[in-house]
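The values are calculated or read from the model by the stated rules, or taken from the named source; none is laboratory data. The shown structure was predicted, so the numbers you read here are calculated from the model rather than taken from an experiment. Using ideal geometry, Cβ is built from the backbone for each residue, glycine included, and neighbour counts are taken over all protein chains shown. Keep in mind that these areas ignore ligands, DNA and RNA; they rest on the heavy atoms of the full protein, side chains included. Shrake-Rupley method; radii C 1.70, N 1.55, O 1.52, S 1.80 Å.
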Amino acid sequence: GAGVSQSPSNKVTEKGKDVELRCDPISGHTALYWYRQSLGQGLEFLIYFQGNSAPDKSGLPSDRFSAERTGGSVSTLTIQRTQQEDSAVYLCASSFQDRNTGELFFGEGSRLTVL
Amino acid sequence: AQSVTQLGSHVSVSEGALVLLRCNYSSSVPPYLFWYVQYPNQGLQLLLKYTTGATLVKGINGFEAEFKKSETSFHLTKPSAHMSDAAEYFCAVTPTGFQKLVFGTGTRLLVSP
């Protein structure tokens, strides 16, 4: 597609439920990132996929969070046993790995509300 | 490790006034620096970036930023604010283009008539 696509755009769930957030990056982009945006907290790095390398998971806040990227394209961020503090906007971004510019292209985010 | 500090979570200016948003970074190697903007209910988009070369970089909508190594700063400026500039602005750093981008906490720019 023309841009980074994320779904769902909004998700309301009950505490303790699992949620899956999907990201479809720009075609041809080999790097994919997940960030979390909370009010007053800026953008918190979660995980980074770069080509065929092992992902950088250093930002995942707990073992309830996981992400995978299938076939080097679509990525799914899974949050198990959601807690109220998981409420935030989850942003996905992609970039060209081999152009060495660092520029990221962001989706519009998935807003998660945990009741 | 790289980090970014944005001074002021909110900056208020009058329309037509100078805009100055501050960003200081910490990096063990020459950094790549970025400013992103997020308009209300929209995703982030790149405003401008510094990688190598000229230290004064110009971006979209009349914004510019200057990389000052001695001050470890990359402040964003615009000579004359417009109402449409009201948005949240994020400074970001990466040591190269191949590593994760580290963002600051953001500065919300408010523009009054």
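Converting phi to 3J(HN,Hα) with the Karplus coefficients 6.51, -1.76 and 1.60 and the offset θ = phi - 60°, the range A:20-34 yields 10, 10, 10, 9, 10, x, 5, 4, x, 6, 9, 9, 9, 10, 10 Hz in sequence order, with x at every glycine or proline.
Rounded to the nearest Hz, the phi-derived 3J(HN,Hα) couplings of the range A:77-83 under the Karplus curve 6.51 cos²θ - 1.76 cosθ + 1.60 (θ = phi - 60°) are 9, 10, 10, 9, 6, 4, 10, where x marks glycine and proline. Between A and B, roughly 1700 Å² of accessible area is buried in total, ligands, DNA and RNA not counted and the probe set to 1.4 Å.
Rounded, prolate or oblate, given the Cα gyration tensor of chain A, with a/c below 1.5 counting as rounded?
Working: a/c = 1.81, a/b = 1.69, b/c = 1.07.
Since a/c reaches 1.5 and a/b is larger than b/c, the shape of chain A is classed as prolate.
For the set B:Thr107, A:Thr113, solvent exposure ranked by accessible area (probe 1.4 Å, protein chains only) runs largest to smallest as A:Thr113, B:Thr107. Restricted to Cα atoms, the protein assembly as shown shows a radius of gyration and a Dmax of 17.6, 51 angstrom. Under the shape rule built on the C-alpha gyration tensor, where the axes satisfy a ≥ b ≥ c, the range B:41-104 is oblate, since a/c reaches at least 1.5 while a/b does not exceed b/c. Determine the share of the range B:19-113's accessible area contributed by carbon and sulfur atoms, expressed in whole percent, with a 1.4 angstrom probe. Ligands and nucleic acids excluded, carbon and sulfur give 54 percent. Accessible surface for the protein assembly as shown, divided over its residues, is 48 Å² per residue with a 1.4 Å probe. By a 1.4 Å probe calculation restricted to protein chains, B:His75 has an accessible surface near 40 Å², given to the nearest 10. Electrostatic tally near A:Val114: other residues with Cβ closer than 15 Å to its Cβ, Lys and Arg +1, Asp and Glu -1, net +2. Counting only protein heavy atoms and a 1.4 Å probe, tell me what percentage of the range A:40-96's accessible area is made up of carbon and sulfur. With neighbouring chains kept in place, the figure for the range A:40-96 is 42 percent. The amide H of B:Ala17, built 1.01 Å from its N in the peptide plane, has B:Ala81 as neighbours under 5 Å, considering only residues 5 or more places off or on other chains. Inter-chain Cβ neighbour count for B:99-106, averaged per residue, equals 6 (cutoff 10 Å, partner chain atoms only). Taken one residue at a time, the phi angles of the range B:47-60 give Karplus couplings (6.51, -1.76, 1.60, θ = phi - 60°) of 9, 6, 8, 10, 10, 9, x, 4, 7, 9, 10, 10, x, 7 Hz. Gly and Pro are set to x. A straight Cα-to-Cα reach below 28 Å connects B:Lys68 with the lysines B:Lys49, B:Lys58, B:Lys78, B:Lys100, residues fewer than 8 places away in its own chain not being considered.
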